[in-house]
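The values are calculated or read from the model by the stated rules, or taken from the named source; none is laboratory data. Treat the numbers as computed from the prediction; the structure is a model and nothing was measured. Every residue, glycine as well, gets a Cβ built from its backbone with ideal geometry; the counts of neighbours run over all protein chains shown. All accessible areas refer to the heavy atoms of the entire protein, side chains included, with ligands and DNA or RNA removed. Shrake-Rupley method; radii C 1.70, N 1.55, O 1.52, S 1.80 Å.
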Amino acid sequence: MEVRIDPTWKQVLQQEFDKPYFELLTLFVKQEYRQHQIFPPARLIFNAFDSCPFDKVKVVILGQDPYHDFGQAHGLCFSVNDGVAVPPSLQNIYKELNTDLGVPVPQSGNLQRWADQGVLLLNATLTVEAHRPGSHQNKGWEVFTDAVIQKLADEREHLVFMLWGSYAQRKGAFISPQKHLVLKAAHPSPLSAYKGFFGCRHFSKANQYLQSHGMTPINW
């Protein structure tokens, strides 16, 4: 099946695109865009991949669903467009970043600058209906994003995987800690950030690991 996505990812994932589940998923998603308000805009479904080619990935951050309100989602997990209020989980990510590395808290919730440096901001589900969180779960996206993580885990080495919350930790359970740095913490949501996200220091740990393997650290 022909999918418009960054060429490096296309090469790695073509086998997934040719599987029956992905064809069914594509039919479902196209119909949803015709009948409902779906986020992100269709051209940005694969923004995480287009912004961060397979061979440029250094860090993987896993989210769950795209944001489901107008103007928020643009294909990068935890990220929102410029001019949109910074969501609570991202506010807590910025707080931890400030505590960990002294980075001033940004005014914008747009994480495109991270993606451009090799941070794959991957949601488990890549589309959602407006105001209906979880509406596109169990339609095939999770199978696809599991395959993405598997490819990265198998074919790359010395990546940093940031697994925040039990959902992300289950999704990344098979990643080898001998081959990659697997960082686990509570989810940055206001409901759980105080249970171990604050103080996790994942950003400094990631940069130390990258530098120890001869890579440029991320300018968070």
Practice prompt. Within region 96-127, track down each residue that is more than 16 Å from Gln72 (Cα to Cα), out of contact with any helix residue (DSSP H, G or I) (no Cβ under 7 Å at 6 or more places or on another chain) and either modelled with pLDDT under 95 or not in a loop (DSSP other than H, G, I, E, B) (or both).
Written response: Glu96, Asn98, Thr99, Arg113, Trp114, Val119
Worksheet item: Which of (1) in contact with a His (Cβ under 6 Å, 6 or more places away or on another chain); (2) open to solvent by 20 Å² or more (accessible area, probe 1.4 Å) is the odd one out, the single condition Met215 does not satisfy?
Response: (1)
Worksheet item: Mind checking which residues of region 175-190 are open to solvent by 60 Å² or more (accessible area, probe 1.4 Å), in contact (Cβ under 8 Å) with a residue 12 or more places away in the chain, within 22 Å of Leu210 (Cβ to Cβ) and not in a strand (DSSP E or B)?
Response: Lys179
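Do we have Leu159 as over 19 Å from Ser89 (Cβ atoms), hydrophobic (A, V, I, L, M, F, W, C) and open to solvent by less than 20 Å² (accessible area, probe 1.4 Å) here? Let's see the steps before the verdict.
Numbers: over 19 Å from Ser89 (Cβ atoms): yes; hydrophobic (A, V, I, L, M, F, W, C): yes; open to solvent by less than 20 Å² (accessible area, probe 1.4 Å): yes.
Judged against the criteria, Leu159 is a match.
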Item to complete: Of all residues in region 1-33, count the ones that are of a type in the set (A, V, I, L, M, F, W, C) and open to solvent by less than 40 Å² (accessible area, probe 1.4 Å).
Response: 9
Worksheet item: Across region 39-52, which residue is most open to solvent (accessible area, probe 1.4 Å) among those that are of a type outside the set (Val, Ile, Thr) and more than 23 Å from His202 (Cβ to Cβ)?
Response: Arg43
Discussion item. Pairs needed: first member in region 108-121, of a type in the set (Ser, Thr, Tyr); second member anywhere, part of a loop (DSSP other than H, G, I, E, B); C-beta distance under 9 Å; at least 6 residues apart or different chains.
Written reply: Ser108/Val80; Ser108/Asn81; Ser108/Asp82; Ser108/Gly83; Ser108/Val84; Ser108/Val86
Worksheet item: Is region 85-95 home to any residue that is in contact with a Gly (Cβ under 7 Å, 6 or more places away or on another chain), part of a strand (DSSP E or B) and open to solvent by less than 20 Å² (accessible area, probe 1.4 Å)?
Response: no
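Of all residues in region 128-148, count the ones that are out of contact with any strand residue (DSSP E or B) (no Cβ under 7 Å at 6 or more places or on another chain) and in a helix (DSSP H, G or I). I'd like the intermediate steps shown before the answer.
The first filter runs over region 128-148 and keeps only residues out of contact with any strand residue (DSSP E or B) (no Cβ under 7 Å at 6 or more places or on another chain), leaving 131-134, 137-144, 146-147.
Next, only the ones that are in a helix (DSSP H, G or I) stay: 141-144, 146-147.
Of the residues in region 128-148, 6 are out of contact with any strand residue (DSSP E or B) (no Cβ under 7 Å at 6 or more places or on another chain) and in a helix (DSSP H, G or I).
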Discussion item. Here are the criteria: (1) over 16 Å from Pro190 (Cβ atoms); (2) open to solvent by less than 20 Å² (accessible area, probe 1.4 Å). Tell me which single one Asp65 does not satisfy.
Written reply: (2)
Fill in: Hits in region 148-160 - residues which are out of contact with any Leu (no Cβ under 7 Å at 6 or more places or on another chain) and of a type outside the set (Lys, Arg)
Ile149, Gln150, Ala153, Asp154, Glu155, Glu157, His158
Worksheet item: Going through region 49-66 one residue at a time, which ones are in a helix (DSSP H, G or I) and of a type in the set (Gly, Ala, Ser)?
Response: Ser51
